[in-house]
Every structure is written in C-alpha cells, then in structure tokens.
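A short worksheet on the structure shown next.
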Amino acid sequence: MSNTVYINGRYLPEHEACIPLMDRSFLFGDGIYEVCAVVNGKMLDNDAHLARLGRSLNEIDIQNPYSNSQWIDKQVELITRNSLAEGIIYIQVSRGIFEREFVSPDGLKPSVVMFTQKKIILDAPLAKIGAKVITVPDQRWERRDIKSVSLLAQVLAKRASHKAGAHEAWMMENGFVTEGASSSAFIITCNQQIVTRPLSNDILPGITRIAVLKLSKDQSLEIKERPFSFAEALNANEAFYTSASSLVMPVISIDGHSIGSGVPGKFTLMLRDIYINTVLQSSS
Ligand code: PDD
C-alpha cells in the first residue's frame with residue numbers, strides 16, 4: 001500500500017503527489033526542511049524542531065505558513081494515516097511556484113510537503129557496533145545554520161563515505177571538524193571533557209546536540225564548546241555524533257584510525273541511554 005504524503009493542504013498517496021516544475025525548491029533549492037524522529041508513534045523534541053523550522057524560514061524571508069498547533073495537527077494526522085510507529089517525519093517548505101526568475105514576487109504561497117519514513121531508531125544495529133567516519137573538506141556555503149534543502153555538498157560527502165565503507169563524513173575546515181554531513185560531531189578527551197564546536201553560522205544548531213549537552217551537564221560531565229582538530233579527534237577517548245535519526249551514535253574509527261579501543265565508548269553509550277529515556281518521557 002502506498003504511503004500517504006501531505007502536499008499543500010491535501011493528503012495523497014505518494015505516487016499521486018506531484019511538485020510543479022516551476023517550484024523554487026526544485027529549480028533553485030530555494031527552501032528549507034526539518035526531520036523529526038518518531039518513536040512509539042510520538043515525535044521526539046518536536047517543539048524544538050518546529051522552532052528551528054520557523055527560524056530557518058525567517059532567515060530566508062519566507063512566511064511560516066502555519067502556526068505550531070497547525071503543524072502539529074498535520075504531523076499527527078500523517079503519522080496516524082501511515083500508522084507510523086518508528087521512523088522519521090520530514091517537512092519541506094519552499095518559497096513557492098513562479099516562472100524561473102531568480103527574484104520572485106513577495107507573498108508567493110509557500111509549497112509545503114510532508115512525508116514519513118519507517119526506520120529503526122531506538123535499536124539501530126549501528127549503535128551497537130559503532131559507526132566508521134571519514135573526513136572530507138567542508139564545501140558548503142556560509143549559512144550552515146539554515147536547514148536549507150540545498151544539500152549537494154552533503155550528498156557528495158555521504159557518497160564518499162559510503163564508497164569508503166563508512167557511515168558518516170565529518171567535514172573539515174582549516175584543520176578543524178565543523179560537523180557531520182547530517183549530524184553534529186563530538187569527541188570525549190582523555191580527561192573526560194565533551195568537546196563540540198560552538199554554535200555559529202558554521203554549523204546547523206542540532207536539536208539533538210542541544211539536548212545531549214543539557215543532559216551531559218545534568219550528569220556533571222564537563223563540556224567545552226570549541227572547535228576540535230583532526231589530530232585531537234584521533235587522540236580522543238571516545239567520539240560520537242548526534243542527529244534526529246541517529247540519536248547518539250558512537251564513532252569507532254575516523255579515516256581508518258581506531259578511536260579509543262575501537263568499540264563504542266562507555267560515556268557515549270550512557271548518553272545515548274539517558275537521551276532516549278529523557279526524550280521518550282517528554283515526546284508528544
Ligand atoms: N540532519 N548537522 C547537519 C548538517 C544536519 O543535516 C543534521 C541533521 C544535524 C543534526 O541536527 P538534529 O539533531 O536537529 O537532527 C547536524 C537530518 C537528520 C537530515 O538531514 O536527515
């Protein structure tokens with residue numbers, strides 16, 4: 001049976017849903033998106049995802065088409081129609097439809113698309129064995145804080161990591177890790193400091209990143225928000241990445257060099273457990 005998707009006010013079978021040729025997300029990548037995990041039919045950290053959606057829209061001067069409660073109603077409806085127990089819900093908003101001109105008139109009606117995907121989130125097999133990471137140059141633009149649908153650099157990074165038999169690519173700029181192609185990057189140093197790059201236009205403000213930093217503080221773990229280098233990452237005791245779909249994912253190697261003892265680190269696994277317990281309690 002075909003999955004139901006949401007497209008501009010209608011719930012349709014996926015194979016019937018079409019985006020007009022002149023949609024600006026298709027022609028220019030002129031739009032933004034969000035990905036929120038779903039576990040037991042509930043969305044994890046959805047308020048924060050909707051807040052970031054509003055921020056991304058504001059940064060590129062697109063009016064948010066719905067209030068938070070309207071978004072939630074539509075998300076819940078789609079999750080229910082697809083009987084989604086575990087996976088992700090995707091939202092995309094583009095500036096709208098107009099003939100191909102770089103500048104479009106103000107007040108275009110934004111195009112809204114939502115779909116769900118089934119995915120194992122809680123018991124992801126990779127979380128047990130740990131992920132391999134490669135490094136690639138960060139080839140993105142200078143507003144990485146906006147969750148733009150223009151993802152060519154990330155697609156190329158992910159292709160390179162897949163080709164190398166790895167699971168994620170960490171992007172490098174001036175010798176320092178910025179973030180993962182679709183995740184936030186962390187190391188835990190030999191003196192048990194959790195290190196991750198501070199928020200700026202250089203990285204996406206990861207929703208899972210914020211939650212994990214808060215939980216780490218609650219556990220009295222020491223946090224340093226600063227850039228870390230490739231050499232530091234190789235010498236770290238543990239490394240991990242976070243995202244809506246991978247939660248907290250242990251990293252066991254970077255460019256073929258083992259991290260720590262080459263197995264998922266104990267603090268990383270503890271943070272994954274605590275994150276899961278906390279986020280499930282507050283999911284909606
Ligand atoms: N990606 N950095 C980048 C570049 C990302 O694309 C993502 C998420 C993150 C983590 O953000 P969050 O914790 O809010 O998911 C960091 C999503 C999952 C994706 O594109 O599929």
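The values are calculated or read from the model by the stated rules, or taken from the named source; none is laboratory data. Bear in mind that the values here come from a model prediction, so they are computed numbers and not experimental data. Ideal geometry is used to build each Cβ from the backbone, glycine not excepted, and the neighbour counts take in all protein chains shown. SASA here: full protein model, heavy atoms, side chains in, ligands and nucleic acids out. Shrake-Rupley method; radii C 1.70, N 1.55, O 1.52, S 1.80 Å.
Considering segment 34-73, and only residues there that are among the small types (Gly, Ala, Ser) and at negative phi, the residue that is nearest to the chain's Cα centre (by Cα) turns out to be Ala37. Within segment 130-161, if we keep just the residues that are farther than 21 Å from Asn174 by Cβ and surrounded by fewer than 13 Cβ atoms within 10 Å (Cβ to Cβ), the residue that is farthest from the chain's Cα centre (by Cα) turns out to be Leu152.
Okay, residues lined up against (1) aliphatic (A, V, I, L, M); (2) at pLDDT 95 or above; (3) outside the structural domain of Ala37 (by TED's automatic domain parsing):
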site: Ser200; (1), (2), (3): no, yes, yes
site: Ile207; (1), (2), (3): yes, yes, yes
site: Val212; (1), (2), (3): yes, yes, yes
site: Ser220; (1), (2), (3): no, no, yes
site: Arg226; (1), (2), (3): no, yes, yes
site: Leu234; (1), (2), (3): yes, yes, yes
site: Phe240; (1), (2), (3): no, yes, yes
site: Asp255; (1), (2), (3): no, yes, yes
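Annotation: Val76 fulfils all but one of (1) away from the ligand (no atom under 16 Å from the Cβ); (2) surrounded by fewer than 16 Cβ atoms within 10 Å (Cβ to Cβ); (3) at pLDDT 95 or above; (4) at negative phi; the unmet one is (2).
For Val251, the criteria (1) within 15 Å of the ligand (Cβ to nearest atom); (2) within 25 Å of Ala48 (Cα to Cα) hold in every case but one, which is (2).
May I ask you to list the residues in segment 203-226 that are part of a loop (DSSP other than H, G, I, E, B) and either open to solvent by 50 Å² or more (accessible area, probe 1.4 Å) or away from the ligand (no atom under 15 Å from the Cβ) (or both)?
Within segment 203-226, Gln219, Ser220, Leu221, Arg226 meet the criteria.
Picking from residues in segment 183-202 that are part of a loop (DSSP other than H, G, I, E, B) and within 22 Å of Phe267 (Cα to Cα), the one that is nearest to the ligand (Cβ to nearest atom) is Arg197.
Which residue is surrounded by the fewest Cβ atoms within 10 Å (Cβ to Cβ), if the candidates are limited to segment 6-43 and must be of a type in the set (A, V, I, L, M) and assigned to a strand (DSSP E or B)?
Leu12
Rundown of residues vs (1) of a type outside the set (D, E, K, R); (2) in contact with a Leu (Cβ under 9 Å, 6 or more places away or on another chain); (3) not assigned by TED's automatic domain parsing to the domain that holds Val112, yes/no style:
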{"residue": "Tyr11", "(1), (2), (3)": "yes, yes, no"}
{"residue": "Asp30", "(1), (2), (3)": "no, no, no"}
{"residue": "Leu50", "(1), (2), (3)": "yes, no, no"}
{"residue": "Ile60", "(1), (2), (3)": "yes, no, no"}
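Screening Val263 with (1) among the β-branched types (Val, Ile, Thr); (2) over 26 Å from Met43 (Cα atoms); (3) crowded, with 16+ Cβ neighbours inside 10 Å gives one miss only, at (3). Considering only residues in segment 79-125 that are on the phi > 0 side of the Ramachandran plot and away from the ligand (no atom under 16 Å from the Cβ), the one that is surrounded by the fewest Cβ atoms within 10 Å (Cβ to Cβ) turns out to be Gly107.
Note on segment 227-260: residues that are closer than 20 Å to Ser161 by Cα, in contact with a Gly (Cβ under 7 Å, 6 or more places away or on another chain) and open to solvent by 50 Å² or more (accessible area, probe 1.4 Å) amount to 1. Screening Ile276 with (1) within 16 Å of the ligand (Cβ to nearest atom); (2) open to solvent by 20 Å² or more (accessible area, probe 1.4 Å); (3) assigned to a strand (DSSP E or B) gives one miss only, at (3).
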